[in-house]
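The values are calculated or read from the model by the stated rules, or taken from the named source; none is laboratory data. Every value quoted in this text rests on a predicted model; they were computed, and no experiment measured them. Here Cβ is always computed from backbone atoms with ideal geometry, including for glycine, and neighbour counts include all displayed protein chains.
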Number of protein chains: 2
Amino acid sequence: MLPFFICVNERPEDAPLPSCARRGSGALLEAFQAEYARRGYPRGVKVSGSTCLTSCHCGPTVVVYPAGIWYVGVTEADVAELFDAHLSGGKPVARLLLPEEVRIW
Amino acid sequence: MLPFFICVNERPEDAPLPSCARRGSGALLEAFQAEYARRGYPRGVKVSGSTCLTSCHCGPTVVVYPAGIWYVGVTEADVAELFDAHLSGGKPVARLLLPEEVRIW
C-alpha cells in the first residue's frame, strides 16, 4: 500500500503555530483525491487526510509511505507530479522535500 | 519516523458502510496520544488521526509505518501493547492484524 497522508490540521487563527489547513491543505487534499480518481483509483494507492504531521512552519505537509518521504509547502500544482514520482517508481520531488534542518524528529 | 495513524473517519449513522469514529476511534486516538505522552514523547514516534484507511467493516483501523502493518478492531486496551511491539522492535500484535481475506487493496 502506497499512501499519501495530507495534513489537514487546523489551529485557531491566533495560535502560536501555523497550521496546514490555514495554508490551504483542505483544497490540497481534494486535489489529491481528484487526481486519485482521475487515475482510476490505482490499486495499492491511498489518499488520506491526517491530523498534525509536524513541520507546521513549512506546511502544507505531506508524507508518502512506505518510503517515508516528507514534503512541505505542497500546492495543488504539485499533485500530478507527486503521483508520477511515487506511482512509477521515480525519484522523489526534490524541491518539495522537508529540509533536514527543520526536522524536529 | 515511526507513525501510528488511527482512522477517525465518521460517516452518518445510516451510511451503508460503518466508520471507525462510530466504533470509538476518537477515544482510541486520545488513548494513543495519552500513551505517547506517558512515554515522554519518544523521539521518532508520532501519533496522528487520519481520514478513512479502508477496512471499514473491521475498524477501528490503525496503520503503523514504515513497516506498513495494518491493524483492525483496535481498542484502548491494546494501545500499550502496540507501543511496546513497535518501539522496541518486537513482533506485530498478531491478534489485531488485518486478515488478508478482507483486504481491498
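Would you mind stating whether B:R38 is farther than 27 Å from A:E30 by Cα, basic (K, R) and over 16 Å from the mean Cα position of the chain (by Cα)?
yes
Is it the case that the stretch A:56-73 has a residue that's at pLDDT 95 or above, touching a helix residue (DSSP H, G or I) at 6+ places or on another chain (Cβ under 6 Å) and more than 25 Å from B:R43 (Cα to Cα)?
No: zero hits.
Sort out for me the strands (runs of 3 or more DSSP E) sitting completely within the stretch B:2-89 that have 1 or more residues that are free of Cβ contacts under 8 Å to residues at least 40 places away in the same chain, within 14 Å of chain A (Cβ to nearest Cβ) and surrounded by 16 or more Cβ atoms within 10 Å (Cβ to Cβ).
B:69-71
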